[in-house]
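Encoded as C-alpha cells, the structure appears first; notes follow it.
The values are calculated or read from the model by the stated rules, or taken from the named source; none is laboratory data. If you're wondering where the values come from, they're calculated on a predicted model, not measured in any experiment. Note that each Cβ is placed from the backbone with ideal geometry, even for glycine, and that neighbours are counted across all protein chains shown.
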Amino acid sequence: MKKILLLGSGELGKEFVISAQRKGQYIIACDSYAGAPAMQVADECEVFSMLDGDALERVVRKHQPDIIVPEIEAIRTERLYGFEKEGIQVVPSARAVNFTMNRKAIRDLAAQELGLKTAKYFYAKSFDELKAASEKIGFPCVVKPLMSSSGKGQSLVKSADELEHAWEYGCNGSRGDIKELIIEEFIKFDSEITLLTVTQKNGPTLFCPPIGHVQKGGDYRESFQPAHIDPAHLKEAQEMAEKVTRALTGAGLWGVEFFLSHENGVYFSELSPRPHDTGMVTLAGTQNLNEFELHLRAVLGLPIPNIKQERIGASAVVLSTIASQERPNYRGVEEVTKEEDTYIRIFGKPTTRVNRRMGVVLCYAPLNSDLDALRDKAKRIAEKVEVY
Ligand SMILES: Nc1ncnc2c1ncn2[C@@H]1O[C@H](COP(=O)(O)OP(=O)(O)OP(=O)(O)O)[C@@H](O)[C@H]1O
Ligand SMILES: NCC(=O)N[C@@H]1O[C@H](COP(=O)([O-])[O-])[C@@H](O)[C@H]1O
Ligand SMILES: [Mg+2]
C-alpha cells in the first residue's frame, strides 16, 4: 500500500481516488476548500492553499506520503523538486508539473526547444506590449493569462478596440502573482483533440484513441471518442506527444491537446500532466481501462497489457446557472436515468458559481454506431439537468 497525497480534489481527483482505493491505496485529498469532490471519497483530507509553499511543506511533513499526485495547476510547484529529491515520487515528475503550470515554460519548450508546430505567440507584461504584439499577430487573436486553466481570463480579440478589455480580463483571471499574458495567433482549426498519452516506468509510451471536443469560452462543453481524424494527423500528434512527454519526464497519464486543420495540419496547443477533463468520456466505458485507472497504473508501475476501444462514447457537461454558497440541488436526474446507455455523474461540489461544472452526462453505444447522433443525445440529456 502506498500513501498518496492528492493536490487538488475536484471531479478528476475524485475518480482517481476511487481507482486508487480499488487497488488498496491510502489517499489524503487536499484542496483550498472543505468538502471538495475527492475529499468525499478519500481516507483523509487537508484544507489549505497549495500555492503557499510553507503550508504545502507542513502537510508533506505531517503525512510523509510515498507519492504526490497533483490534480490542479495552482500549486507552489517549485517546492516539488525538493520533495522529489528526498525520494517522494512526484507524478509524473516535478519538472512536468512545474513546466505546465505556466504557459510560458511549456510553450517555449515545445515551440523553441522541441520544434513542435504551435500558433504564433508573444508574451506581454504591459498593455503597450500587448498592443505591439497584436500588431504583429493580427486579428482575431487569443489572449490568456500565463497562469490559468479552464479558460479563466481568456478572450478572443477581434479588433484593436477589444484589447483593453482583454488586458484587464486576462490580468484579473490570472492565478498567482504574475501579471503577464500570452497572445496567440487564432488558429482556424477544423477540429481539436485530446490525445491521452501514458508514459510508463517500465514500458513504452501508449496512446488512447483520440478524443474530440468542443470548447466554449475556453472551457470544455462536450467530448467524444473516438474522434475521426486523418491517420497521418494522428501519427503526427502521437509523435509530438511522445516528444513533449519525454522531454518533461516521468510516469503517468497526460492529456495532450492539438488543433487540426485540413489546410495547415497539426498544431500542438498545450498539455496536462494528469487526467484531462475531456477524458471523462472514458468513464462511459469507451476503453477497457478509463483514464483514471491508466493514470493509477502508470503511477504505481503496474502493467497495462493493452488499451482497447470497447465502444463509442460522448460526454456533455452540466453547468451551474446560479451562484450560491449553499449546497445545490439537482432537477432532472430522474429524467436522465430513463435514458438507455446513459450515466450521470454529479460531482458533489458544495457551492456553485455561474458556469461552474457540476456534473457530466455520459452516453455510449456499440462501436461503429453513429457518433454524431450520440453527441446530440448526450447534449440533449445534459440540458435536462438543472442546478438550483
Ligand atoms: N490560439 C488559439 N486558436 C484558436 N483557438 C484557441 C487558441 N487557444 C485556445 N483556443 C481555444 O480555447 C480552448 C482553451 O484554451 P487552452 O487549452 O489554452 O486554455 P486552458 O485555460 O488551459 O484550458 P484547460 O485548462 O481547460 O485545458 C482551446 O481548447 C481552444 O478551443
Ligand atoms: N480543465 C481543468 C479541470 O477540469 N480541472 C478539474 O476541475 C476541478 C476544479 O473545478 P472547480 O473550478 O469547479 O473547483 C479540478 O480540481 C479538476 O478536477
Ligand atoms: Mg486546454
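Considering Pro204, Pro210, the condition of being surrounded by fewer than 20 Cβ atoms within 10 Å (Cβ to Cβ), at pLDDT 95 or above and closer than 28 Å to Glu71 by Cα is satisfied by Pro204 alone. Pull up segment 218-253, narrow it to residues that are among the small types (Gly, Ala, Ser) and crowded, with 17+ Cβ neighbours inside 10 Å, then point me to the one that is nearest to ligand 1 (Cβ to nearest atom). The selected residue is Gly218.
Just so you know, in segment 127-160 the residues that are at pLDDT 95 or above and among the charged types (D, E, K, R) include one that is nearest to ligand 1 (Cβ to nearest atom), and it is Lys144. When segment 82-101 is filtered for residues that are within 16 Å of ligand 1 (Cβ to nearest atom) and in contact (Cβ under 8 Å) with a residue 60 or more places away in the chain, the ones remaining, listed by number, are Ala96, Val97, Phe99, Thr100. Evaluate segment 161-182: report whether one residue or more is within 29 Å of Ser261 (Cα to Cα), at pLDDT 95 or above, within 15 Å of ligand 1 (Cβ to nearest atom) and in a strand (DSSP E or B). Looking for residues that are within 29 Å of Ser261 (Cα to Cα), at pLDDT 95 or above, within 15 Å of ligand 1 (Cβ to nearest atom) and in a strand (DSSP E or B), one finds at least one in segment 161-182, hence yes. So for segment 281-296 (the condition being of a type in the set (A, V, I, L, M, F, W, C), in the same structural domain as Tyr220 (by TED's automatic domain parsing), under 15 Å from Glu15 (Cβ atoms) and within 16 Å of ligand 1 (Cβ to nearest atom)), does at least one residue qualify? Yes - at least one qualifying residue is present in segment 281-296. Of the residues making up segment 114-138, those that are closer than 15 Å to His165 by Cα and without any contact (Cβ under 8 Å) to a residue 24 or more places away in the chain are Ser126, Asp128, Glu129. Checked across segment 318-336, the condition of being assigned by TED's automatic domain parsing to the domain that holds Lys201, aromatic (Phe, Trp, Tyr), more than 23 Å from the chain's Cα centre (by Cα) and surrounded by 15 or more Cβ atoms within 10 Å (Cβ to Cβ) holds for at least one residue. Here Gln215 meets each of (1) outside any strand (DSSP E or B); (2) surrounded by fewer than 19 Cβ atoms within 10 Å (Cβ to Cβ); (3) of a type outside the set (Gly, Ala, Ser) with one exception, condition (1).
Counting only helices (runs of 4 or more DSSP H) that sit completely within segment 273-388, those holding 3 or more residues that are of a type outside the set (A, V, I, L, M, F, W, C) and under 19 Å from Ile193 (Cα atoms) correspond to 371-383. The set of residues from segment 99-148 being closer than 22 Å to Leu260 by Cβ, within 16 Å of ligand 2 (Cβ to nearest atom) and of a type outside the set (D, E, K, R) comprises Thr100, Ile106.
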